[in-house]
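Okay, so here's the structure we're looking at.
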Amino acid sequence: MNYPDEKTYGNKADIISTVEFNHTGELLATGDKGGRVVIFQREQESKNQVHRRGEYNVYSTFQSHEPEFDYLKSLEIEEKINKIRWLPQQNAAYFLLSTNDKTVKLWKVSERDKRPEGYNLKDEEGRLRDPATITTLRVPVLRPMDLMVEATPRRVFANAHTYHINSISVNSDYETYMSADDLRINLWNFEITNQSFNIVDIKPANMEELTEVITAAEFHPHHCNTFVYSSSKGTIRLCDMRASALCDRHTKFFEEPEDPSNRSFFSEIISSISDVKFSHSGRYIMTRDYLTVKVWDLNMENRPIETYQVHDYLRSKLCSLYENDCIFDKFECVWNGSDSVIMTGSYNNFFRMFDRNTKRDVTLEASRENSKPRAILKPRKVCVGGKRRKDEISVDSLDFSKKILHTAWHPSENIIAVAATNNLYIFQDKVN
């Protein structure tokens, strides 16, 4: 399915910058470069159209962030939505956090299908009436109306980040969340907008000594005191907030020793971690760097237990990828609901899936040509040099402007959402 306001690649504002299912999978939110959030809702199954159960249609669209200007630093603050995180549903309304580079907002999304009528002090148009003309008292009544979905900002968490926010993560206590930028991580309470606690600060006294930055951070899914953050040096630190108020000293440090035979000019750039995700069980963490996805056991710090090559055929192309800046692309990675399969994106609108049990992997393509409704996706293969088979694509003909950076997996079913520039594709297991 495509993004609702579909345009060609020309309109930068429509480029999707984040995708996130809510905890039930009934809603799917996307954020874009224009600061908008579009929420899709899953269709309810009807008796005569059983196969329609997987379809998602637009539920609500709202402008989350506007472009701003920092007059002190003479800097423009982009409206682009960097991350969206849902809160578990407690009542009829839905709540989500959205963030751009500087400001996190808590949005309430609610439905209204009744409107009050029969005010005493206002007329039907909403204008105030002259009290002298009021001779009788009316009891206001609620009348049914067409369903309206309203999005209202309930909290605005601003002015706490000097650098660009790259991650937000809701704690398992559902009272707090954290926001991370290049050098600091802050802990917020949902009720308090004017104060946050700094829990990680890696900024050196002299900025010339800066050697690494924070690239991603996430809370443990079950233990509210534990979180991880990854760095541009390819390391992951696990911190325990019970140990001290400022978590500058990590509890665990995950790093794979570098193979000297693979050392090159690009080693440091391609080892930078672009995403880190706890498994649903909380036992593993998954990290994505430029060429690989790694799975780490929380009990083993010296090396990952699994390493998956996403697009190893690009190793010989790093020079040109550096020249066109693609080497700095930040790919995300996601687990399926049972932590048995992982998914991440690549170039040419390809995305990869790795089955952890069978060790099988597949490359699929999200594109207009092969995604007619209910069409079955065919696995794709990339060939490196030599003779190319009919169904293979040469590494030299890959389109590096078409990249899948953002994906999401339904929390309990085999339904995935894949953002390919300004198109959103939703795929599901074949329904018989």
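The values are calculated or read from the model by the stated rules, or taken from the named source; none is laboratory data. Source: prediction; values computed, not measured. For neighbour counting, all protein chains shown are included, and Cβ atoms are generated from backbone atoms with ideal geometry for every residue, glycine included. Ligands, DNA and RNA are stripped out before the accessible areas are found, and what is left, the full protein with its side chains, is counted by its heavy atoms. Shrake-Rupley method; radii C 1.70, N 1.55, O 1.52, S 1.80 Å.
Only protein heavy atoms count here; on that basis, with a 1.4 Å probe, HIS23 has an accessible area of about 100 Å². Its relative contact order, with pairs defined as Cα atoms under 8 Å and 6+ residues apart, puts the chain at 11 percent.
What is the percent carbon and sulfur in the accessible area of segment 303-419, measuring with a 1.4 Å probe over the protein chains and ignoring ligands? C and S fraction of accessible area: 49 percent. Taking N as the residue count of segment 159-283, its C-alpha radius of gyration divided by 2.2 N^0.38 Å amounts to 1.10.
Across segment 259-399, Cα pairs under 8 Å and at least six residues apart give a relative contact order of 14 percent.
Estimated from helical segments only, the mean residue ellipticity of the chain at 222 nm is -500 deg cm²/dmol, where each DSSP H run of four or more residues counts as -39500 (n - 2.57). The Rg/Rh ratio for segment 6-152, using Cα coordinates for both the radius of gyration and the Kirkwood hydrodynamic radius, is 1.12. Quick one: Debye curve from the C-alpha atoms of segment 121-200, no solvent, what's log10 I(q)/I(0) at q = 0.27 Å⁻¹? Values, matching the q order: -1.33. Count Lys and Arg as plus one, Asp and Glu as minus one, and take only other residues whose Cβ is under 9 Å from that of ASP70; the net charge is then 0. Shape class of segment 279-359 from the Cα gyration tensor (axes a ≥ b ≥ c, square roots of the eigenvalues): prolate, since a/c reaches 1.5 or more and a/b is larger than b/c.
Charge dipole (Cα centre; +1 on Lys/Arg Cβ, -1 on Asp/Glu Cβ; no other charges) of segment 24-177 amounts to roughly 280 debye. Rg then Dmax, both in Å and based on the Cα atoms of segment 391-431: 13.2, 38. Relative contact order of segment 327-432: 26 percent, from C-alpha pairs under 8 Å at least 6 residues apart in sequence.
For the chain, what does the convex hull of the Cα positions come to per residue, in cubic angstrom? Write down the numbers at each step before the final one.
Working: hull volume 87.4 nm³, N = 432.
Convex hull of Cα atoms, per residue: 202 Å³.
With +1 on the Cβ of every Lys and Arg and -1 on the Cβ of every Asp and Glu, and nothing else charged, how large is the dipole of the chain about its Cα centre, in debye rounded to the nearest 20?
1200
Among the trypsin sites (Lys or Arg not before Pro) in segment 60-104, those placed in a DSSP loop whose Cβ has at most 15 other Cβ atoms within 10 Å are LYS73. Under 12 Å of direct C-alpha separation, and excluding same-chain neighbours fewer than eight residues apart, LYS372 reaches no aspartates and glutamates at all. Per residue, the chain exposes 52 Å² of solvent-accessible protein surface, assessed with a 1.4 angstrom probe and all protein chains in place. Rounded to the nearest 20 debye, the dipole magnitude of segment 321-432 is 540 debye, with +1 charges on Lys and Arg beta carbons, -1 on Asp and Glu beta carbons, and the Cα centre as origin. The orientation-averaged projected area of the convex hull spanned by the Cα atoms of segment 257-304 comes to 3.5 nm².
Could you pull out the chymotrypsin sites (Phe, Trp or Tyr not before Pro) across segment 237-332 that fall in loop regions by DSSP (anything but H, G, I, E, B) with no more than 12 other Cβ atoms inside 10 Å? Those that pass, being in a loop and sparsely packed, are PHE265.
From the alpha carbon centroid of segment 277-352 to that of segment 373-400 is 20 Å.
Restricting segment 257-354 to GluC sites (Glu not before Pro) that sit in a DSSP loop and have at most 13 other Cβ atoms within 10 Å of their own Cβ leaves GLU258. Tell me, rounded to the nearest percent, the portion of alpha carbon pairs in segment 356-419 spaced more than 19 Å apart. Summing the P(r) of segment 356-419 above 19 Å gives 47 percent of all pairs. Residues ILE185, ILE426 ordered from highest to lowest accessible area at a 1.4 Å probe: ILE426, ILE185.
Along its three principal directions, the equivalent ellipsoid of segment 341-388 from the Cα gyration tensor extends over semi-axes of 19, 18, 10 Å, largest first.
Per residue, the convex hull spanned by the Cα atoms of segment 275-432 amounts to 135 cubic angstrom. Rounded to the nearest 5, what % of the DSSP beta bridges within the chain are antiparallel ones? Antiparallel bridges: around 95 percent, rounded to the nearest 5. Simple rule: put +1 on each Lys or Arg Cβ and -1 on each Asp or Glu Cβ in segment 80-217, find the dipole, and look at LEU96, PRO116, PRO204; the Cα lying farthest toward the positive end is PRO116.
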